[in-house]
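First comes the structure, then the notes that go with it.
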């Protein structure tokens with residue numbers, strides 16, 4: 001059994017502009033309402049440290065492995081709660097150039113693991129709202145200039 005959460009938004013900015021905001025991890029505490037920090041050397045195969053704080057839910061710090069990091073296109077990671085198979089999340093940020101000065105930004109995560117039923121309600125509510133809040137703030141920042 002798995003569960004996917006997805007939130008997408010059209011941003012009036014280029015993928016390059018959005019990517020520069022998305023990958024400026026030092027600035028996350030200043031604007032990001034969902035992912036409070038990403039630390040470490042963000043390269044494919046490396047482990048990083050991420051802190052998420054979904055609305056009206058407990059925050060969580062974890063050490064996911066970077067799966068993709070393709071400039072102006074995609075950044076993804078795979079994280080586990082304690083160990084693989086218990087509660088796993090494959091998180092992805094996608095930037096799709098619409099060819100008209102706008103970009104569709106998609107944030108998604110696919111969850112698996114034996115504890116998934118325990119977290120299902122939180123994922124559908126708090127985590128989904130966290131994705132939407134982050135997407136909205138990213139759009140605001142990218143469209144400012």
For residue 143, work out the one condition from (1) touching a residue at least 40 places away in the same chain (Cβ under 8 Å); (2) touching a strand residue (DSSP E or B) at 6+ places or on another chain (Cβ under 8 Å); (3) closer than 17 Å to residue 57 by Cβ it doesn't fulfil.
-> (3)
Hey, among 56, 109, which residue is in contact (Cβ under 8 Å) with a residue 40 or more places away in the chain and in a strand (DSSP E or B)?
-> 109
Within the range 52-71, of all residues that are in contact with a strand residue (DSSP E or B) (Cβ under 6 Å, 6 or more places away or on another chain) and buried (at least 16 other Cβ atoms within 10 Å of the Cβ), the one farthest from residue 117 (Cα to Cα) is 69
May I ask you to verify whether residue 121 is surrounded by fewer than 16 Cβ atoms within 10 Å (Cβ to Cβ), modelled with pLDDT of 95 or more and either more than 15 Å from the chain's Cα centre (by Cα) or farther than 20 Å from residue 3 by Cα (or both)?
-> no
Restricting the search to the range 11-37, which residues are touching a helix residue (DSSP H, G or I) at 6+ places or on another chain (Cβ under 8 Å) and outside any helix (DSSP H, G or I)?
-> 11, 12, 13, 32, 33, 34, 35, 36, 37
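The values are calculated or read from the model by the stated rules, or taken from the named source; none is laboratory data. Computed from a predicted structure; not experimentally measured. Positions of Cβ are generated from backbone atoms using ideal geometry, with glycine treated the same way; all protein chains shown enter the neighbour counts.
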